[in-house]
Amino acid sequence: MGHSHTHEKNGKALFWAIVINVLLTVVQVIGGLVSGSLSLLADALHNFSDAGALIVAYVAQKVSGLPANKEMTFGYGRAQIIGALINSVTLVLVGLYLIYESWARFQSPTKIDGWMVIWVAAIALVIDLATAWLTHSGSKESINMKAAFIHNLSDALASVVVIISGVLILNYNIFWVDLVATLLISFYILYQSVGLIKTSVKVLMQATPEDLSQSEIVSELKKVNGVKDIHHIHIWELYEKFRSFEAHIVIKDGDLDSMDTIKQKIRSVLKDSFNIQHSTLEIESSTSNCEVLKD
């Protein structure tokens, strides 16, 4: 019941975060066009991509709750990973486009309304902080919500950069600072998106999670009474934070009657020490022949 309430609460928070981010994007685009500020348009694109990311998080949350069936035996959890990959690739294109635009604007500079930049960026800062507040409580129990929270908190920092740019334009007529602010936002977008692409691809390629060490896991499992050797090891994330483990467990011939107990102890170690929720274990006697897969 509590899980269902939290799920519903997170869904509402994401919905309102989407609404205010879309409204913010509209305000920033109008402000950027009226003031002539490229950094405002850059921040608008960034916030629009945030709205897209929040929409994906919202849809993924709904879809991931669907039960597995005969066609989708693993369920729909990986919808979140696919959505993250789509969003991050789009962010790379946005970042590269903004760098191109800032270079073109540098070649043909235009006058910028500093006050417009400051006021619109100030509104953006308030909205970013409000969105971060909406997603904060859910970030404590959901990695999806945590990513949204950190993203919006960092957006607030980007708005601060734009405000500083507007102040410098207003007081010192340093118009090129708008281009510098645009480049900073662009590199920030690229930095975030490349990291997200790397993480998404590693999950889709079934790589071992970065915080897990195969040698450490094997070492701990060999401490289980009755375990003689372990091979044919595979460790991967089926989807976000759902870890799986597969291995052949070699036990002594005299312990064959205890193999169910040994399996139970191994699963307890995997879950309690490494947060691995699902495991497939094949028990072998020390005298059986098995082609060992060199991992």
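Does the range 76-84 include one or more residues that are modelled with pLDDT of 75 or more, more than 19 Å from residue 241 (Cα to Cα) and of a type outside the set (Asp, Glu)? Checking the range 76-84: not a single residue is modelled with pLDDT of 75 or more, more than 19 Å from residue 241 (Cα to Cα) and of a type outside the set (Asp, Glu).
Here is a check on your reading of the model: is residue 185 among the aliphatic types (A, V, I, L, M) and farther than 30 Å from residue 93 by Cα? No. Please determine whether any residue of the range 216-230 is basic (Lys, Arg), modelled with pLDDT of 90 or more and within 26 Å of the chain's Cα centre (by Cα). Checked against the condition, which is being basic (Lys, Arg), modelled with pLDDT of 90 or more and within 26 Å of the chain's Cα centre (by Cα), the range 216-230 yields no hits at all. The single residue among 214, 206 that is of a type in the set (S, T, N, Q), over 30 Å from residue 45 (Cβ atoms), in contact (Cβ under 8 Å) with a residue 60 or more places away in the chain and in contact with a strand residue (DSSP E or B) (Cβ under 9 Å, 6 or more places away or on another chain) turns out to be 214. For residue 244, the test of being in contact with a helix residue (DSSP H, G or I) (Cβ under 8 Å, 6 or more places away or on another chain), surrounded by 15 or more Cβ atoms within 10 Å (Cβ to Cβ) and not aliphatic (A, V, I, L, M) is failed.
So is residue 164 surrounded by 19 or more Cβ atoms within 10 Å (Cβ to Cβ) and of a type in the set (A, V, I, L, M) or not? No; evaluated as a whole, the condition is false for this residue. Here residue 188 meets each of (1) in a loop (DSSP other than H, G, I, E, B); (2) among the hydroxyl-bearing types (Ser, Thr, Tyr); (3) at pLDDT below 85; (4) surrounded by 17 or more Cβ atoms within 10 Å (Cβ to Cβ) with one exception, condition (1).
In the range 192-237, the residue that is nearest to residue 253 (Cα to Cα) out of those that are outside any helix (DSSP H, G or I) and polar (S, T, N, Q) is 225. Scanning the range 240-267 for residues that are assigned to a helix (DSSP H, G or I) and under 24 Å from residue 206 (Cβ atoms) yields 263, 266, 267.
The values are calculated or read from the model by the stated rules, or taken from the named source; none is laboratory data. Note that the structure is a prediction, hence the values are computed from the model and not measured. All Cβ positions, glycine included, derive from the backbone under ideal geometry; neighbour counts span all protein chains shown.
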